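Engineer: This structure is in structure tokens; I'll ask about it shortly.
Values quoted throughout were computed directly from the atomic coordinates according to the rules given, and no laboratory measurement underlies them. Only a predicted model underlies this, so the values are computations on that prediction, with no experimental measurement involved. Quick reminder, even Gly has a Cβ in these numbers, built from the backbone with ideal geometry, and neighbours come from all protein chains shown.
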Amino acid sequence: MTARIIDGKVLSDTIKTEVAQRVQKLQQQGMTPGLAVVLVGEDPASQVYVRNKAAACEKAGFLSRVVRLPADTTQQQLLDVVQELNQDDAIHGILVQLPLPPHMDSGLVIETIAANKDVDGFHISNAGLLMTGRPLFRPCTPYGIMKMLESENVGLRGAEAVIVGASNIVGKPMAMLLLAAGATVTLCNSKTRDLAAQTRRADVLVVATGKPGIVTGDMIKPGAVVIDVGINRGTDGKLVGDVDFESAQKVAGAITPVPGGVGPMTIAMLLVNTVEAAERALQASHQPA
Ligand code: GUN
């Protein structure tokens, strides 16, 4: 068997076109969605991500503001920037690119973002809403993965879903979304005793560890849907995922490639969250005070 390739590029383009249509509607009502991306320091990967996010925003017709701050910015200076963006009516979404320099408290910075502008969905209030089944913003990567599973008609009710990697950005919110869709969810972490025994049970396997090749074909149930969130630079300079694609492809029913899988979806869902934030702001402005 050779797995079907789930093309994140094609699906993300469809979603971006839908967003551009929603932007046009907003513009007819005098509103342009605005996204501010804050980048502290010079992490090369973060610079690429921020550039891609800003370019996608502009293409969709958003106002895009990138705030670049030096690595020695104080925490208070960053909090002041976030608070100014919270007050700025032209900005509907705020994203502080992670990781932040070590002298900063990421939790405090994220908690300072107004929850209704937190298009990453990382604020504790948004994490809590997601956990209790009333999401305001779904974190972009897991949200994009749900869209991919939906577009592939993957049945999730009663399915065994196994997630490798329990980060706040991907693994934990992914577990909440799959659980809400009716899957039985196993969330593995770096202490999991027999990882292969867990992954082999999975009808849907999501891998988000940042460890290239941590999952190989022999750890996959034949016919499973494999979602690879990893973006790692191989020794030859090429991008590779967390899943060993070659061996996995021979066993899985469907698999996401790296690049061109989950990555483009994350950006598309950031645009979805931002246009939604702008739509909510417009609606709120029509409500009597
Ligand atoms: N760093 C890696 N992924 C992300 C993300 O989705 N959002 C932010 N803000 N930082 C990240």
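Engineer: Write out the trypsin sites (Lys or Arg not before Pro) in segment 18-106 meeting two conditions: DSSP loop, and at most 10 other Cβ atoms within 10 Å of their Cβ.
Structural biologist: Numbers: sites: 22, 25, 51, 53, 59, 65, 68; in loops: none.
For trypsin sites (Lys or Arg not before Pro) across segment 18-106 that sit outside H, G, I, E and B with at most 10 neighbouring Cβ atoms in 10 Å, the list is empty.
Engineer: With no solvent and one point per C-alpha, what does the Debye sum give as log10 I(q)/I(0) for segment 137-289 at q = 0.09, 0.11, 0.17, 0.19 Å⁻¹?
Structural biologist: At q = 0.09, 0.11, 0.17, 0.19 Å⁻¹ the computed log10 ratios are -0.30, -0.43, -0.92, -1.13.
Engineer: First obtain the Kirkwood hydrodynamic radius of segment 1-73 from its Cα pairs, then insert it into the Stokes-Einstein equation at 4 °C and 1.567 mPa s, and state the resulting D in µm² per second as a whole number. Present the calculation step by step, with values, prior to reporting the outcome.
Structural biologist: Numbers: Rh = 14.4 Å.
For the chosen part, D equals 90 µm²/s.
Engineer: Here is a follow-up. For residue 79 and residue 287, what does the FRET efficiency come to when R0 = 35 Å and r is the distance between their Cβ atoms, rounded to the nearest 0.05?
Structural biologist: Efficiency, from the Cβ-Cβ distance: 0.75.
Engineer: What three numbers, in Å, describe the spread of the alpha carbons of the chain along their principal axes, ordered from the longest?
Structural biologist: Projected onto its principal axes, the Cα set of the chain covers 56, 41, 35 Å.
Engineer: Report the extension gain between residue 180 and residue 1 in nm, rounded to one decimal, defined as 0.36 nm multiplied by the number of residues separating them, less their alpha carbon distance. Don't skip to the answer; put the middle values down first.
Structural biologist: On the way: separation 179, 0.36 × 179 = 64.44 nm, distance 3.09 nm.
Full extension of this stretch gives 61.3 nm more.
Engineer: Students often forget the sequence filter, so: which aspartates and glutamates lie under 14 Å Cα-Cα from residue 211 once same-chain residues fewer than 8 apart are removed?
Structural biologist: Those aspartates and glutamates meeting the cut-off are 228, 242, 244.
Engineer: Straight-line reach only, C-alpha to C-alpha below 23 angstrom: list the lysines that residue 16 could link to, leaving out same-chain residues fewer than 8 apart.
Structural biologist: 25, 53, 59, 117, 147
Engineer: Okay, next question. Set the Förster radius R0 to 51 Å, insert the Cβ-Cβ distance between residue 196 and residue 9 as r into 1/(1 + (r/R0)^6), and round the FRET efficiency to 0.05.
Structural biologist: Rounded to the nearest 0.05, the efficiency is 0.95.
Engineer: Sticking with this structure for a sec: Provide the percentage of antiparallel DSSP beta bridges, counting only those with both residues in the chain; round to the nearest 5.
Structural biologist: Around 5 percent of the beta bridges assigned by DSSP in the chain are antiparallel ones.
Engineer: Quick one: pull the percentage of alpha-carbon pairs in segment 35-95 with a separation above 12 Å.
Structural biologist: Of all Cα-Cα distances in segment 35-95, 68 percent exceed 12 Å.
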